[in-house]
């Protein structure tokens, strides 16, 4: 995986923290993770990202951390308990079995921290615990936890985490060097991982992941259909991947009978530039109009950012100029500078690992908003193939940005022969709009559920119908249940 791919994955994870999570642990963990800072190829996390030509601002997560409210019901106790189980685990890795080396590394790290030699480690620390040390791909990699004298007042985490690396066979003194620090976080989470550039060549990456002792890593090849084929990792409670062992796969962490973590492994179905043949396949069922260069860029970026969430390369579903879009501020209320806006829209979709489809809408606005935003979009999930030229696809492009009152906006893709879109609830028409270029923008009451969207031809005959696609960007197979006792 290239550094660009790693950055895309990192940005995808960060964007996931910008929307409310459905469960208390999700919200608490998102709040905590806003303060985490990983150094990835020397790239800062305060970025403006170009996706299909649209710029989306992502704030520095280190500046948005807020203390939990005094009356918060978002208990993080189970997560902290699992974090403590990781802290109390014996060191893993081949070098981690050398008790003398581990003891020396712990003592040197603690002394360096108390001298103020370690960046972002200036709080009182009672101990340092080395959790992993091994030589991987020509480098010596270590994970250490710094136990705070008091839990962090902003995040509540009792320990911090630090990844280090130096040349293979490096001494403890070399690992303690500031130049060896590869990542620092404000909290030691139950599952810790590192992506590190491999010295064997540009774009090569080493991956290390670790969980509490007693837990077991399993891996499965990327499923073609819905069946995973899980195999326990020989390393047990940690996992290592080098450029030679990396493959299209998913990872799982089982602790007893409970699956605590399940995610796609690193990489994507498009490790290199998209070929002309791949682009032709991606465009083979497109409706509307999408410039080739735009399609090439968007398919490539989406494939790399979503990685092995996708079971096949994405297709371009539709493209066109969308008008009548309600301008929204970041808080969800109408923007101060415009009541309606327009832009160049493109929809991509791909089959998801484990079944179903996931996709995204990207809109490059014709006119920047006063706050500088020049692009918007949405992610969606559906069960039926959205690339079918005879079908209808309806995506809510702003449902996450407004409350239960008012309207939301549907972007609807229709068969080529359609001239009108009709939206109904319980057989009663609630909205209609003209179709142009196999697409339509339809405002509907936000509070309405169970809507049926129909594409009609000039005679009023129904060509296709379907429900509004579900919101979301990630496969529902992904699991993170460290919040459970």
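What's the number of the only condition in (1) closer than 20 Å to residue 357 by Cα; (2) at pLDDT below 95; (3) part of a strand (DSSP E or B) that residue 322 fails to meet?
(1)
Condition (residue is touching a helix residue (DSSP H, G or I) at 6+ places or on another chain (Cβ under 7 Å), assigned to a strand (DSSP E or B) and at pLDDT 95 or above) applied to segment 291-309: is it met by at least one residue?
Looking through segment 291-309, none of the residues is touching a helix residue (DSSP H, G or I) at 6+ places or on another chain (Cβ under 7 Å), assigned to a strand (DSSP E or B) and at pLDDT 95 or above.
Whether any residue in segment 380-390 is at pLDDT 95 or above and farther than 27 Å from residue 304 by Cα is what I want to check.
The answer is yes; a qualifying residue exists.
Going by the conditions given, is residue 298 surrounded by fewer than 21 Cβ atoms within 10 Å (Cβ to Cβ) and not assigned by TED's automatic domain parsing to the domain that holds residue 224?
Judged against the criteria, residue 298 is not a match.
Which condition from (1) at pLDDT 95 or above; (2) under 25 Å from residue 356 (Cα atoms); (3) part of a loop (DSSP other than H, G, I, E, B) is the one that residue 262 breaks?
Result: residue 262 fails condition (3) only.
So which of 237, 219, 185 ends up being in the same structural domain as residue 132 (by TED's automatic domain parsing), under 22 Å from the mean Cα position of the chain (by Cα) and at pLDDT 95 or above?
219
Would you mind finding the one in 427, 450, 439, 460 that is in contact (Cβ under 8 Å) with a residue 60 or more places away in the chain and in the same structural domain as residue 377 (by TED's automatic domain parsing)?
439
Kindly establish whether residue 163 is in a strand (DSSP E or B) and assigned by TED's automatic domain parsing to the domain that holds residue 199.
yes
Restricting the search to segment 420-471, which residues are assigned to a loop (DSSP other than H, G, I, E, B), under 20 Å from residue 361 (Cβ atoms) and more than 34 Å from the chain's Cα centre (by Cα)?
none
Quick one: residue 372 ticks every box in (1) out of contact with any helix residue (DSSP H, G or I) (no Cβ under 9 Å at 6 or more places or on another chain); (2) surrounded by 21 or more Cβ atoms within 10 Å (Cβ to Cβ); (3) at pLDDT below 95 bar one, so which box is it?
Of everything listed in (1) out of contact with any helix residue (DSSP H, G or I) (no Cβ under 9 Å at 6 or more places or on another chain); (2) surrounded by 21 or more Cβ atoms within 10 Å (Cβ to Cβ); (3) at pLDDT below 95, residue 372 misses just condition (2).
Within segment 188-205, which residues are over 14 Å from residue 163 (Cβ atoms) and surrounded by 15 or more Cβ atoms within 10 Å (Cβ to Cβ)?
190, 198, 203, 204
The values are calculated or read from the model by the stated rules, or taken from the named source; none is laboratory data. Note that the structure is a prediction, hence the values are computed from the model and not measured. When we count neighbours, we look across all protein chains shown, and the Cβ atoms used for this are built from the backbone with ideal geometry, even at glycine.
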